[in-house]
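Step one of this worksheet: look at the structure below.
The values are calculated or read from the model by the stated rules, or taken from the named source; none is laboratory data. These numbers were taken from a predicted model, which means no experiment stands behind them. For neighbour counting, all protein chains shown are included, and Cβ atoms are generated from backbone atoms with ideal geometry for every residue, glycine included. Side chains are part of the model used for accessible areas, which takes the heavy atoms of the whole protein and leaves out ligands, DNA and RNA. Shrake-Rupley method; radii C 1.70, N 1.55, O 1.52, S 1.80 Å.
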Amino acid sequence: MSAVRVLSPGALALVEDEGRPGWAALGVGPAGAFDRGALRLANRLVGNAESAAGLELLLGGAVLVPDADVWIAVTGAWGAVRAGGAPVEPHTATLLPARSALEFAAPEHGLRYCLALRGGIAVPPVLGSRSRDTLAGLGPAPLAAGDVLPLGPEPATAVPAADLVPVDPPADGPVRLDVLPGPRRDWFTDSAWQALTTATWHVSPRSDRTGVRLEGPALRRTREGELPSEGMVPGAIQVSPDGSPTILGADAPVTGGYPVLGVIASASFDRLAQLRPGQPVLLTPRALRP
Amino acid sequence: MRILPFGDSAVLAEFSSLDEVRGAARALTSAPPPGVLDVVPAARTVLVRIRPAELPLAAAERWIREVAQAPPPDDAAGEVVVLPVRYDGPDLADTARLLGIEAGELVRRHTAAEWECAFSGFAPGFAYLVSPGLDLAVPRLPTSRPRVPAGAVAVAGEFSGVYPRESPGGWRLLGTTDAVLWDETRTAPALLPPGARVRFEALP
């Protein structure tokens, strides 16, 4: 079976698939690729099932070498990616020759590359998934130099012939995300909801897969006191006692005690994965039902 | 019961007591319709995560309203998990003092009671154990410990719990067990899933 060797993991290299729903009642969240759409696209490009495990590469610096020819596709963040020295086009199936280095420079747009390799990463699954959950410390450990990752068998589907997938790179300017009212909207003043949905927020550098923190006006509560811990979902906007919002990410805690003012719409969620520190964010209010 | 919105792929059902939550969680997990991803009980709520393409939000709400107002489970079901404990925790004496009883009496009450896992959280396999009728309620420590060892048996609020692995923690430590609370390679990774019944047994 073929394999790929990690020469350098870069800032953070994680094995991720579509995650492990169904275990939240035991304290284990879904995890999975933060930019889920990017992983599915990369998998389709190389003829994998959408659910195959790939790599999520934060920022630049990752260097990987396969021991046999392998089809790859890079989606998500855009930046200079080279295979044996030759540029790799984003969103395009590319044949990576055996023993040639696949190198990722720091992304110019977005934050997290998604890399699919034909056959998928075939490390043993944990609770039905090959995803790393950085909060629970579950699943394949973050990659380290020297790791060798087995690839799965050749999929039944050929590498599709589609030569162009029109997908824009992640935006650099203000990003608009749709937001729906959360369960504890009534813990906040009307002006807090107003501020959430009209202010220009900025992404804090203290953001990760657990949560994307936003910097901006303080969101005021109408009541003090503690909320008994309750279930959380990726995309929930928790407001801490100092009034600052955090959008929970792919590795959201399963329960939390801060009130949730709003929830990012599913269709906007993947964009969170590509927000860069300092980038402006606008939250557009949406009604729950059309 | 109140149903609260939680985005386009989840709803939160809120109850007035933990007993109602236990009943609802039992009812909602027994035969969920296709499209239900997770049913997550907590102290006063049950979160239901769905795949809206399979189960639209409105249908999920209807289902929750139909089945969630179930009586609390009768306590006769299931085996009792017995956890052997060395009651040598650093907070045993202080906790007894807070309750106005001797340390030995605290151990006696903790071991005499039958506990049930009401819900999980904080870490994989961490069970919030309740024992209706038992009054051992104490506040959390004013300052959390940066490191609580795996197997630490602790109390806080109306709950008792066992730390599945070393982690920070603010509960009051009464003792230690060698039981393995969490092992993701087991078919049932959590020793104490919601609904599990538990007794603590004092080791000499």
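Can you give me the relative contact order of region A:149-290 as a percent, contacts being Cα pairs under 8 Å and 6 or more apart?
Working: 281 pairs, mean separation 49.9, N = 142.
Here the relative contact order equals 35 percent.
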Legend entry - Kirkwood hydrodynamic radius of region A:192-290, from inverse mean 1/r over distinct Cα pairs, in Å: 13.7 Å
Inset, instruction - Mind ranking A:GLU108, B:GLU102 by accessible surface for me, highest first, 1.4 Å probe? - result: B:GLU102, A:GLU108
Legend entry - Per-residue [θ]222 nm for chain A (sum of -39500 (n - 2.57) over DSSP H runs n ≥ 4, rounded to 500): -2500 deg cm²/dmol
Inset, instruction - Give the accessible area for A:ARG209 in Å² (nearest 10); use a 1.4 Å probe, count only protein heavy atoms, and leave out ligands, DNA and RNA. - result: 10 Å²
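Starting from the coordinates of the alpha-carbon atoms of chain A, obtain the Kirkwood hydrodynamic radius over all distinct pairs and give the value in Å to one decimal.
Values: mean 1/r = 0.0510 Å⁻¹.
This gives a value of 19.6 Å.
Averaged across the residues of B:176-185, what count of C-beta atoms belonging to other chains lies within 10 Å of each residue's C-beta? If you can, show how the numbers build up before the last one.
Values: counts 0, 0, 0, 0, 0, 0, 5, 0, 8, 3.
Partner Cβ neighbours, averaged per residue: 2.
If you count, for every residue in A:222-233, the Cβ atoms of partner chains within 10 Å of its Cβ, what is the mean?
On the way: counts 0, 0, 0, 0, 0, 4, 8, 8, 14, 16, 8, 10.
Average per residue, whole number: 6.
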Inset, instruction - Calculate how steeply helix A:36-45 sits against the longest principal axis of the alpha-carbon atoms of chain A, using the helix alpha-carbon long axis, and give the answer as 0 to 90 degrees to the nearest 10. - result: 20 degrees
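Over all distinct Cα pairs, what is the inverse of the mean 1/r for region B:2-68, reported as the Kirkwood hydrodynamic radius in Å? If you can, show how the numbers build up before the last one.
Numbers: mean 1/r = 0.0870 Å⁻¹.
So the Kirkwood estimate lands at 11.5 Å.
Quick check: with the 1.4 Å probe, what order do B:GLU158, A:GLU226, A:GLU50, A:GLU16 take by accessible area, largest first?
Working: B:GLU158 95, A:GLU226 170, A:GLU50 70, A:GLU16 0 Å².
Descending order: A:GLU226, B:GLU158, A:GLU50, A:GLU16.
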Legend entry - From the C-alpha gyration tensor of the protein assembly as shown, square roots of 5λ in Å: 41, 27, 21
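Which of the trypsin sites (Lys or Arg not before Pro) across region A:1-51 are loop residues per DSSP, with 12 or fewer other Cβ within 10 Å? It would help to have the intermediate numbers written out before the result.
On the way: sites: A:ARG5, A:ARG36, A:ARG40, A:ARG44; in loops: none.
Loop-located and lightly packed - none at all.
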Legend entry - FRET efficiency for B:ARG108 and A:ASP186, using Cβ-Cβ distance with R0 set to 41 Å, rounded to 0.05: 0.40
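Convert 10 °C to kelvin, take the viscosity as 1.306 mPa s, use the Kirkwood radius over C-alpha pairs of chain B as Rh, and evaluate the Stokes-Einstein diffusion coefficient in µm²/s, rounded to a whole number.
Reported coefficient: 88 µm²/s.
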